[in-house]
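Below is one structure, written out as structure tokens; comments come after it.
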Amino acid sequence: MPSIAVEQPVGIIGAGSFGTAIANLLAYNVDVLLYSRQAPLVQQINETHRHLDVDLSPRVRATNDLQELAQSCTLLFPVVPSNSFRKMMHSLGPHLRPYHILIHGTKGFDAPEQLFQDTDDGKPVSRSDVSTMSEVILQESVVRRVGCLSGPNLASEIMEGQPTATVIGSAYDEVISMGKQVLSSEHFHVFGTYDLLGAELAGALKNIIAIGSGVLKGKGLGKNIQAMLITRGLTEMVYFGNAMGSQSSAFFGTAGIGDLVATATSKNSRNFTFGYRLGQGEAIEDIEATMPELAEGVRTLQIARKLARHYKLRVPITDMLYKIVFENFDIDRAIHFLITYPYDVDVDFI
């Protein structure tokens, strides 16, 4: 088995905003091989060392060859949208070996495509129909040492050199250790957790609440109601997490509250921006057509709504946001419903 050494380049799969930001962070410590399937983009990056209006470190080189990536790098960071993650892993899987380590940075779920075509909510969905990205990696490859990145990691702030922190979730000490070794710098503090599922669920579910927070801002409402939505939204995240097998504690650290606060309060968040434009009265089709990258919370909302039915969860924020986004429900009526919803107690999960 090849030794894992920082002298090797570290691979990034996906040249979107977050993948590019992570590539520059890694370049403080190691050489980086950045994968994009677009040959013209690879050529442009290698010739100009600029991408997304950001200067890339000289230690970053691009490739569109998955075989080269797998042969050159033991440690890989897949950072692609959830709707294309399985397809990417299906292509990458044959090139991977048991010695590889994969730490993904995708905050979403994988589910069969027909689930998204069935918007009437009539088709039952169980946990076995929904996979986290680490589960997709295990299903599509021989790799067993997997992890995830989760936390308040707004790509635009990272690319500006602003400091932040992240959490690496994994059941394996060496995954957390290697992740810390290559990512830690004065700009980026790295925590570790063994609750991989909790870190993945927190990262995915907070995007739903960020959409709701953006809706409130778009409607011109203030911080009091925004704080209430974030607080009750965190409660719903915990309900989902407990039902799906994670611990409540996963939602009270950097991957949970930390990421939720950042994503649900910043216009640099795609999900907040999606909600904000929705609250301003824009049509969903126009918003999606003009956003440069996917707002993961929209897809996650569809899956979460069906999982809530499966687990019989009381999640009124998730229900109302689903109705707003997919059933054209009146936003003012939805806000009134949530304000008057008869919550029994303030905190009931500790």
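Odds and ends about this structure:
- Some residue of segment 285-297 being closer than 21 Å to THR106 by Cα, of a type outside the set (Gly, Ala, Ser) and open to solvent by 70 Å² or more (accessible area, probe 1.4 Å): yes
- Count of segment 209-235 residues which are open to solvent by less than 10 Å² (accessible area, probe 1.4 Å) and farther than 16 Å from ARG277 by Cβ: 3
- The single condition among (1) open to solvent by less than 70 Å² (accessible area, probe 1.4 Å); (2) out of contact with any Gly (no Cβ under 7 Å at 6 or more places or on another chain); (3) more than 21 Å from VAL167 (Cα to Cα); (4) β-branched (Val, Ile, Thr) that ILE339 does not meet is (1).
- Exactly one residue among LEU260, LEU234 is within 30 Å of SER128 (Cβ to Cβ) and touching a Lys or Arg at 6+ places or on another chain (Cβ under 7 Å), and that residue is LEU260.
- Taking the criterion of being modelled with pLDDT under 95 and either under 22 Å from the mean Cα position of the chain (by Cα) or under 30 Å from VAL190 (Cα atoms) (or both), the residues of segment 118-142 that qualify are VAL125, SER126, ARG127, SER128, ASP129.
- Among the helices (runs of 4 or more DSSP H) confined to segment 261-350, the ones with at least 2 residues that are of a type in the set (Val, Ile, Thr) are located at 284-290, 296-311, 316-327, 331-339.
- So HIS90, is it surrounded by fewer than 19 Cβ atoms within 10 Å (Cβ to Cβ), under 30 Å from LEU307 (Cα atoms), modelled with pLDDT of 95 or more and touching a helix residue (DSSP H, G or I) at 6+ places or on another chain (Cβ under 7 Å): yes
- Residue selected from segment 261-297 under the condition among the β-branched types (Val, Ile, Thr) and free of Cβ contacts under 8 Å to residues at least 40 places away in the same chain, by the criterion farthest from THR235 (Cα to Cα): THR290
- Test for LEU205: is it buried (at least 23 other Cβ atoms within 10 Å of the Cβ) and of a type in the set (A, V, I, L, M): yes
- Entry remark, segment 165-188: residues being more than 15 Å from ALA23 (Cα to Cα) and at pLDDT below 95 number 2 in total.
- Residue within segment 129-140 that is in contact (Cβ under 8 Å) with a residue 60 or more places away in the chain, open to solvent by less than 40 Å² (accessible area, probe 1.4 Å), out of contact with any His (no Cβ under 6 Å at 6 or more places or on another chain) and not hydroxyl-bearing (Ser, Thr, Tyr) present: yes
- From the list GLY198, GLY212, GLY203, the one residue that fits, being under 18 Å from the mean Cα position of the chain (by Cα), under 22 Å from GLN162 (Cβ atoms) and not aliphatic (A, V, I, L, M), is GLY203.
- Criterion violated by ARG277 - all others in (1) open to solvent by 30 Å² or more (accessible area, probe 1.4 Å); (2) within 24 Å of TYR341 (Cα to Cα) satisfied: (2)
- Count of segment 27-45 residues, restricted to those that are open to solvent by less than 60 Å² (accessible area, probe 1.4 Å) and either without any contact (Cβ under 8 Å) to a residue 40 or more places away in the chain or farther than 23 Å from SER84 by Cβ (or both), is 11.
- Residue in segment 157-167 that is without any contact (Cβ under 8 Å) to a residue 24 or more places away in the chain, closer than 21 Å to PRO9 by Cα and open to solvent by 10 Å² or more (accessible area, probe 1.4 Å) present: no
The values are calculated or read from the model by the stated rules, or taken from the named source; none is laboratory data. Quick caveat: nothing in here was measured; it's all calculated off a predicted structure. Note that we place each Cβ from the backbone using ideal geometry, even for glycine, and neighbour counts take in every protein chain shown. Ligands, DNA and RNA are excluded from the accessible area calculation, which covers all protein heavy atoms including side chains. Shrake-Rupley method; radii C 1.70, N 1.55, O 1.52, S 1.80 Å.
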